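The structure under discussion appears below in the form of structure tokens.
Every read-out reported here was derived from the displayed coordinates using simple, explicitly stated rules and does not represent laboratory data. Because the structure is predicted, anything quoted here is derived from the model rather than measured. Please note: Cβ atoms are built from the backbone with ideal geometry, for glycine as well, and neighbour counts cover all protein chains shown.
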Amino acid sequence: MTARKIELDAVGLHVLHNALANIAAEMAIVMMKTSYSTIFNEGLDFSTMLLDREGNLIAEKNFAPSMMGAVNYTLRWTLEELGESFFRPGDIVIHNDPYRGNCHLPEHMLMKPIFRGETLIGFSGCIGHMAEIGGKAPGSFASDATDVYQEGLRLPPVKLFEGGHYNEQLWRVILANHRTPRNSWGDLHAMIGALNIGERRLLELGERYDMETVVEAARRLIDHSERRLAAEIAELPEGTYSASTMVEDDGVGSPPFEVKVKLVIRGGKVIADFTGSSPQVRGPMNCTFVVVAAALYNAIFSVADPQGLIPRNAGCYRPAQVIAPPGTVVNVRHPGPSVGGNTDLQPKLIDLLLAAFAQAVPERVAASTGGSSSNLLFGGVHPETGRYYSNYHFDGMGAGGTALKDGNDGEITRHSNCRNTPVEVFEHRYPLLTLRYGLAQDTGGAGRHRGGLSTERHFRITAPEITFSALFDRCKMAPTGLFGGLPGGTSALLVKRAGESEFQSFDRAFGVGSPSKFTNVVLYAGDELYYRCPGGAGFGDPREREADQVREDVAEGYVSPAAALRDYGIAVEIGGTRS
Amino acid sequence: MRKGRWTEPSRSWHDTSVTYCQACGRLIPRRAWVFEGGAGELRVCSPDCEDLYEDYLKPTYGAMAAYADNKG
């Protein structure tokens, strides 16, 4: 096949950028379509990417923005640690070590070198949250873990495949340590399939346009993205902006702890300095460095490139600099646990950074999201199949209101963009009967632009027993509004034992240390759960909201008549009566 | 003007320690950029972090002392 000539002008670069981005997207579709676990094929809690031979990101499909830090750093760091000569054709390296660049232990990174003949061209890679990797709790999300060894199996960078052959010894270790090895087998092969497609498509692109041209285009696109994002940042008012936020507890009895940021905007760059944040906590609410980096990129892209016009590659990550002192809640040191830092501290970090940006560009930011993924883990032996199952479940919180519009309802934002799991899939896969699933009234913080509503689920256990764990936040401390907007609704996880008439919190029912964070509570057939995520906070004074919008909110059931009167000062008639 | 140099400490395969940048906190997978920071030698992840230290960290917080590696 003769390579086509393509000029690397604006048009040519655009064509090749789209080609590279589409390869990453196709990799993601392969992973979604072939995986076994709902967290991949329904939740989309993964990302795929292509890198050059130095480990620089050249294209990505980022279903989960929480992985942006890992996407930018983890594969490059792995390459740097192992060295280029470590990689041979047909190798695949796996690693999930949070102290070496992963988001938390469940997130597994796989990377495959792409060779043309004997020459290394680049890498295909993916990062995904595996649903079950062992440890003390089914679903590998122990909210009372006090070290990494309780969180599951930790893998430093090692070869899963060597020269195209299974490293059977390693596979045996992995599968022996996961509670649901069949799912792990399927999900790992979905990831491997994605890597193989990335390899094949990049080589095809190199045949179509000449590989040297593709490599040169990738290099220029990286420089282009860096220049464009730096130019956008240069438009922001220079200065130093500070903000802080509180987290309720660490799951093992800590008092509330603080995260602080000092945001420095100058010379087309942003420094986010987290010096002064709380020391590392004993429970699993600590973040790794890449999680903090992802939060910063998320906030910067929201403010400086909200439409996502700048090609997402290594260049657009360069103008941002994180300072995250090791040994604090924003940069966990061994052997500290970190599983909840990614899911429940990260969204708060994004809100924290946006609160700092709000002082510079108030018209471009949103009030706080719900700020908690509201992680619910459960597992047991399925009564119909006799097989062990395990699931990591999250649901939709509310997004914060902005200067322009109300927050979106029922989104797993801003850090993950994951999808919800539909009732049909939920009931088909797990012995749970859904009694209600919908938006939770009055959870959107009042404001000129209201916060989005969160979701609530009410379900009944239909198996003889199921073991539950939870890692929530924003159960006591509501998401905060901006510029006079009111807080969003809090989260809740309540239980009603079979034969009882009232719901109660888990700390009251079972004596666990926190209403929102507990591990391995066994529930039985007929017990019911009420599960509500936190809502988004409001933006601007609620009294400035158009009265017709409030009436429409009441008519739609988003806001109760009582809340309309209390928060907006508007009495709304329902069914002919004025409330 | 940067005054540091690259160093690459030898490490055995069974050494599980990791090293973090003393300016930004990032992982240092292999090579470290080492320079004199005013209160001792600092190991950082790249020459850019010497700039970060001189331009921001030192003026803001004063000269920093090095801290120990992490064993894991």
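Rounded to the nearest angstrom and ordered from largest down, what semi-axes does the equivalent ellipsoid of segment A:366-545 get from its C-alpha gyration tensor (root of 5λ)?
32, 16, 13
Over chain A, calculate the relative contact order: mean separation of alpha carbon pairs under 8 Å at least 6 apart, over the residue count, as a percent.
14 percent
Helix-only estimate, please: 222 nm mean residue ellipticity of the protein assembly as shown, summing -39500 (n - 2.57) across DSSP H runs of length 4 or more and dividing by its residues, to the nearest 500.
Result for the protein assembly as shown, helices only: -8000 deg cm²/dmol.
Just need log10 I(q)/I(0) for segment A:462-544 at q = 0.11, 0.12, 0.18 Å⁻¹, Debye formula, equal scatterers on the alpha-carbon atoms, no solvent, rounded to two decimals.
Per q value, in the given order, log10 I(q)/I(0) is -0.39, -0.45, -0.76.
Based on the alpha-carbon gyration tensor of segment A:1-118 and its eigenvalue square roots a ≥ b ≥ c, which shape applies: rounded if a/c is under 1.5, prolate if not and a/b is larger than b/c, or oblate?
Details: a/c = 1.79, a/b = 1.29, b/c = 1.39.
Oblate.
Using Cα pairs closer than 8 Å and at least 6 residues apart in sequence, work out the relative contact order for segment A:10-228, in percent. Let's see the in-between values first.
Numbers: 394 pairs, mean separation 54.1, N = 219.
Result for segment A:10-228 is 25 percent.
Output ³J(HN,Hα) for segment A:447-453: one whole-Hz value per residue in order, computed from phi by the Karplus curve 6.51 cos²θ - 1.76 cosθ + 1.60 with θ = phi - 60°, and x for Gly and Pro.
Each residue of segment A:447-453 in turn: x, 4, 10, 5, x, x, 7 Hz.
Taking other Cβ within 10 Å of each residue's Cβ, how do A:MET109, A:MET477 sort, fewest first?
The most exposed by this proxy come first: A:MET477, A:MET109.
What is the fewest-to-most order of B:THR19, A:THR443 by other Cβ atoms lying within 10 Å of their Cβ?
Lowest to highest Cβ neighbour count: B:THR19, A:THR443.
Within a 10 angstrom radius of the beta carbon, how do B:TRP13, B:TRP6, A:TRP185 rank from fewest other beta carbons to most?
If I rank by nearby Cβ atoms, fewest first, I get B:TRP13, B:TRP6, A:TRP185.
Over segment B:20-67, what relative contact order in percent results from Cα pairs under 8 Å that are six or more residues apart?
With pairs under 8 Å counted, the relative contact order is 39 percent.
Using Stokes-Einstein with the Kirkwood hydrodynamic radius over Cα pairs, what translational diffusion coefficient do you get for the protein assembly as shown at 20 °C and a viscosity of 1.002 mPa s, in µm²/s rounded to a whole number?
84 µm²/s
Dividing the alpha-carbon radius of gyration of segment A:522-579 by 2.2 N^0.38 Å (N being the number of residues), what value is obtained?
Output field value: 1.57.
Provide the per-residue ³J(HN,Hα) series for segment A:104-112, in order, calculated from phi with Karplus coefficients 6.51, -1.76, 1.60 and θ = phi - 60°, each as a whole number of Hz, with x at glycine and proline positions.
Per-residue couplings from phi come out as 6, 4, x, 6, 10, 9, 10, 9, 10 Hz.
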